[in-house]
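The values are calculated or read from the model by the stated rules, or taken from the named source; none is laboratory data. Keep in mind it's a predicted model, so treat the numbers as computed, not measured. Counting neighbours? That spans all protein chains shown, and the Cβs are built from the backbone with ideal geometry, glycine included. Please note that ligands, DNA and RNA were not included when accessible areas were found on the heavy atoms of the full protein model with its side chains. Shrake-Rupley method; radii C 1.70, N 1.55, O 1.52, S 1.80 Å.
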Amino acid sequence: MVAWRLIGDRLVWQEWQEEVAESGASNLYLYDPVVGSAREVVAAYGLICFATDGERIAWAGGRDGTEIYVSDLAGGEVRKIADASSKVGTIAVKDDVLAWSEQADDYTTRVVWRSSTGEQTVVDASGAFYLSLGLQTDGHYVTWNHKEGLADNAVWLYDTESGEKIELAGSAASLDSGRLVWTQAGTGRDMVMVRDLATGLTTQLTNDPWNQRYPVVSGEHVVWYRYDAFSPSPDGRGVFVATAPDAPTAPVFTDLGPDQPYRTAIQWLGGQGYSLGYPATGGPLFRTDAPLLRQHFCVFLVRALGIEVGDVPVRFADLDTTTSGNPYEAQVLATLAQAGILKGNKHGLLNPMSPISRGQAVTLLVRAIDTAHPGPLSTVARK
């Protein structure tokens with residue numbers, strides 16, 4: 001049996017020696033194309049897991065699975081660096097950071113060791129027992145899936161320099177070069193998120209009706225696959241690649257946290273000038289939990305669709321623009337009413353300050369698109 005890692009142009013693999021009578025005998029091998037041949041790194045008893053960053057290889061083993069070793073691939077020297085308190089389950093190494101998970105009776109502990117200081121720190125313990133396959137490091141940060149029981153799952157991130165620990169809702173994290181990607185649950189689906197760890201700013205890469213699975217980040221590229229077992233549509237399947245934002249911009253709205261759902265879409269609204277937010281000291285607020293009023297949605301429509309707003313005379317029981325000098329919002333409502341996009345109810349009211357329902361929003365959107373850009377909507381959609 002073989003487990004392997006490909007780092008750059010080097011291949012490292014673990015091979016169990018089945019012909020050896022003593023259970024647990026295993027070898028690590030390295031193939032380097034510069035040399036053009038494979039060589040044995042170590043023959044170890046009880047070798048459980050290994051990891052490599054292309055410069056060094058780390059592994060755990062021993063008779064009780066608690067001994068941790070590191071070898072420089074160039075020199076070949078093997079050093080025992082630590083004894084875990086219980087059996088090691090997974091291991092990760094990059095630069096001077098080594099991290100591993102210890103599998104105790106009914107919980108999992110994550111430990112970080114730094115070669116520059118020799119300091120060993122327990123950064124997390126969770127239960128019930130979990131293998132913690134998501135354990136990764138980029139030499140500065142360490143990430144893993146923190147799991148409590150069968151349902152609760154979160155991505156945790158540890159800064160080895162500051163000691164700060166951050167919890168992010170989601171799962172299936174991948175870490176590389178100061179960027180973290182993971183999937184975050186949305187309304188009935190998983191979305192791919194990417195976080196710039198230096199700034200803490202987060203971008204939502206996907207916003208479609210399909211589930212996104214197991215994103216992987218390498219440098220500036222993010223790769224994931226999309227699969228929806230309940231849909232026959234080919235749009236719900238495939239492998240996708242995106243470029244992670246190089247330098248995330250500061251939030252347009254000051255109340256948007258880095259993990260705000262639909263943050264990218266809201267940012268886009270503000271960046272395009274379609275939403276100006278609520279004025280406040282320090283910058284505008286979006287107020288994601290505030291109800292969307294009919295008047296607000298009408299303003300979004302005219303800005304996004306490029307509808308020219310005029311001070312036109314219309315009269316409803318709760319809107320009268322037959323005199324000049326009306327505020328912008330009233331001009332927007334009058335313009336849409338004159339075009340037949342906005343219609344009053346049976347009592348002659350527009351109710352501009354009432355929350356808009358999903359059905360009303362869709363109706364206004366269809367009418368507005370058909371008016372501003374006639375043709376794209378089908379006859380059925382216009383009814």
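So here's what we get for this one:
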{"read-out": "Test: residue in the stretch 202-220 that is of a type in the set (A, V, I, L, M), over 15 Å from residue 241 (Cα atoms) and part of a strand (DSSP E or B)", "value": "no"}
{"read-out": "Entirely in the stretch 264-383, the helices (runs of 4 or more DSSP H) that have 1 or more residues that are touching a residue at least 24 places away in the same chain (Cβ under 8 Å) and among the hydroxyl-bearing types (Ser, Thr, Tyr)", "value": "328-338, 358-372"}
{"read-out": "Enumeration of residues in the stretch 354-364 that are under 17 Å from residue 335 (Cα atoms) and either at pLDDT below 90 or open to solvent by 70 Å² or more (accessible area, probe 1.4 Å) (or both)", "value": "none"}
{"read-out": "Selected residue (only one of 285, 293 is more than 16 Å from residue 356 (Cβ to Cβ) and either at pLDDT 80 or above or touching a Lys or Arg at 6+ places or on another chain (Cβ under 7 Å) (or both))", "value": "285"}
{"read-out": "Given (1) open to solvent by 30 Å² or more (accessible area, probe 1.4 Å); (2) in contact with a helix residue (DSSP H, G or I) (Cβ under 6 Å, 6 or more places away or on another chain), number of the condition residue 203 does not satisfy", "value": "(1)"}
{"read-out": "The stretch 56-68: number of residues that are part of a strand (DSSP E or B) and open to solvent by 10 Å² or more (accessible area, probe 1.4 Å)", "value": "2"}
{"read-out": "Counted residues, the stretch 79-119 - those being of a type in the set (Lys, Arg) and buried (at least 18 other Cβ atoms within 10 Å of the Cβ)", "value": "2"}
{"read-out": "Matching residues in the stretch 295-328 - criterion: being more than 21 Å from residue 271 (Cα to Cα), open to solvent by 30 Å² or more (accessible area, probe 1.4 Å) and not aliphatic (A, V, I, L, M)", "value": "311, 313, 315, 316, 318, 320, 322, 323, 324, 325, 327"}
{"read-out": "Considering residues of the stretch 145-170 that are open to solvent by 30 Å² or more (accessible area, probe 1.4 Å) and at pLDDT below 85 only, the residue nearest to the chain's Cα centre (by Cα)", "value": "169"}
{"read-out": "Lone unmet requirement of (1) farther than 29 Å from residue 214 by Cβ; (2) open to solvent by less than 70 Å² (accessible area, probe 1.4 Å); (3) modelled with pLDDT of 80 or more for residue 76", "value": "(3)"}
{"read-out": "Residue satisfying all of: in the stretch 25-55; at pLDDT 75 or above and of a type in the set (Phe, Trp, Tyr); surrounded by the most Cβ atoms within 10 Å (Cβ to Cβ) among these", "value": "50"}
{"read-out": "Pair list, Cβ < 7 Å and 6+ apart or interchain, from the stretch 42-54 residues that are of a type in the set (Ser, Thr, Tyr) to residues that are buried (at least 20 other Cβ atoms within 10 Å of the Cβ) and at pLDDT 85 or above", "value": "52/93"}
